[in-house]
């Protein structure tokens, strides 16, 4: 590693199954981009790769390797030669890969055939930026081991769907609840009709949205409870935040809604200043509760 | 012995694409409901089962959530067996920087603080705050002191600490506002290279053994 840029970490499919022990899942911010990067170089979809934020990234290959770049589109060069995104490329020993800032989006993925083979912690190689589990963020002069279990690089024939987008406006779908009943109907209407702005506070834990204030209807405290990825939590400030890959497994503020899973990577890739509107997947009072007959 | 769940469940809600939130009446132990869920035939299709103060949250395949959600309101689950769980002895050196302050605030001598802390059998109540941080309850009434007014930036891993009705061992170096009274003198209870990573589980008994 010559330069990690603002932030570069190792990420895979994440560390699930330990939430009851206080362990966050972590894993790639844009799982779709991670799996596409891996497929290009013949790795299983959730193999560990390098995730880097906003480019400024330089790495030297000490061994020959096939690699791929996906996610936020960066202008990348292998030595003097431009590197195509969403393809696999062969690097010779000594080749230097440089990536400039992305044209749009935040997170770019560098997968190498065989995967990044640091020792797993609780069966994941992901850096957990909230609690410090897994490998530390990458620093200049780090040397990363590459696994030997890679398959054959290939270009998948299907069309790549991308979460990073050049649009400055984003429409995201969400389900109401589980705590929409902590807000008045009027506040719920404000939430789904307002235009929200992605704040400049970027990290792997949450996207913060600024806009009209969403006051709580209840004044008591919510006992801490488990949360779903994509949960839109409203702290007492009334400014919502959307839990992303490295969210804590539990939270103590009411969750007004949860992003649809397909939109989670799009939220993660939204750069500060992006305008976001929220579209409810179904009308209703804000929760899907089971009735006495046991149906939703 | 089983107890019918009627009245024990306040609500069952689907959350997002893959979540289920089971809300419990005040008297119900979330760990019993979590144990019922983990024994359900659909449990292998779940990725998380997170018991908390008043809820159990599940993440997993929607079809599995629907089946468990339908089973929950009429479920019966085993009584918690008080003999269940193991007893773990943790050697502790009582050398924490807050030991004297705790003695002052409780009106006890340092010796008496150590005697009361190490003379109590605790149970693992829950995990939280940091990965692998087990909360042991209940601290004897006489030792209950609030958290420190301003937290330390760094508490070393292995610190034995108290606040309110709980005592904990810091599993990692982390910021923390608890009162540090000692240092774990044996192997760590949280070891991410072990399977399972936690040497104690919810319901286990913990005894602190003074090492001089």
Looks like region A:149-293, by Cα gyration tensor root eigenvalues a ≥ b ≥ c and the a/c under 1.5 rounded cutoff (else prolate when a/b is bigger than b/c, oblate otherwise), is prolate
If the elastic network links every pair of Cα atoms under 10 Å, which of B:55, B:167, B:192 fluctuates the most in the Gaussian network model of chain B? B:192
The FRET efficiency for residue B:47 and residue B:212, from their Cβ-Cβ distance with R0 = 45 Å and rounded to 0.05, is 0.45
Can you list the equivalent-ellipsoid semi-axes of region B:1-149, largest first and in whole Å, using the square root of 5 times each Cα gyration tensor eigenvalue? 39, 16, 14
Would you give the gap between the C-alpha center of region A:1-62 and the C-alpha center of region A:132-168, rounded to a whole Å? 5 Å
With a 10 Å radius around each residue's Cβ, average the other Cβ atoms per peptide and rank A:118-124, A:247-253, A:138-144, A:21-27, highest first. A:21-27, A:247-253, A:118-124, A:138-144
Simple SL model, points at 7 angstrom along Cα→Cβ for residue A:219 and residue A:185; separation in nm is 2.4 nm
Hey, what angle do you get for helix B:62-71 against the long axis of chain B, alpha-carbon based, 0 to 90 degrees rounded to 10? 90 degrees
What the 10 Å binned alpha carbon P(r) of region B:103-212 shows, as percent of pairs per bin from 0, is 14, 49, 32, 4, 0
From DSSP H assignment alone, runs of 4+ in the protein assembly as shown each adding -39500 (n - 2.57), the sum over residues rounded to the nearest 500 puts [θ] at 222 nm at -3500 deg cm²/dmol
How large is Rg/Rh for region A:204-257, to two decimals, with Cα atoms and a Kirkwood Rh? 0.94
Gap in Å between the Cα centre of region B:156-176 and the Cα centre of region A:72-90? 48 Å
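Which shape class, rounded, prolate or oblate, goes with chain A when its Cα gyration tensor gives a ≥ b ≥ c as root eigenvalues, a/c under 1.5 marks rounded, and past that a/b bigger than b/c marks prolate?
Here chain A falls in the prolate category.
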Label points 7 Å out from Cα along the Cβ direction at residue A:168 and residue B:100: separation in nm? 6.2 nm
So what's the projected area for region A:127-176, the Cα convex hull averaged over all directions, in nm²? 8.4 nm²
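Evaluate peptide A:261-268: per residue, the Cβ atoms of other protein chains within 10 Å of its Cβ; return the mean as an integer. Before the final figure, lay out the partial values.
On the way: counts 3, 1, 0, 2, 0, 0, 0, 0.
Mean partner-chain Cβ count within 10 Å for A:261-268: 1.
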Can you pull the Kirkwood radius for region A:1-130, inverse mean 1/r over Cα pairs, to one decimal in Å? 14.6 Å
Cα point-scatterer Debye curve for the protein assembly as shown, base-10 log of I(q)/I(0) at q = 0.06, 0.08, 0.10, 0.12 Å⁻¹: -0.32, -0.57, -0.88, -1.18
Selected from B:126, B:36, B:135 as most flexible by GNM, with chain B as the system and alpha-carbon contacts under 10 Å: B:36
Averaged across the residues of B:119-127, what count of C-beta atoms belonging to other chains lies within 10 Å of each residue's C-beta? 1
For the pair residue A:90 and residue B:153, the simple spin-label estimate (label points 7 Å beyond Cα toward Cβ) gives in nm 5.2 nm
Partner chain Cβ atoms within 10 Å, averaged over the residues of B:51-59 - can you pull that number for me? 6
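Every read-out reported here was derived from the displayed coordinates using simple, explicitly stated rules and does not represent laboratory data. Owing to the predicted nature of the structure, the values given are computational and were not obtained by experimental measurement. Positions of Cβ are generated from backbone atoms using ideal geometry, with glycine treated the same way; all protein chains shown enter the neighbour counts.
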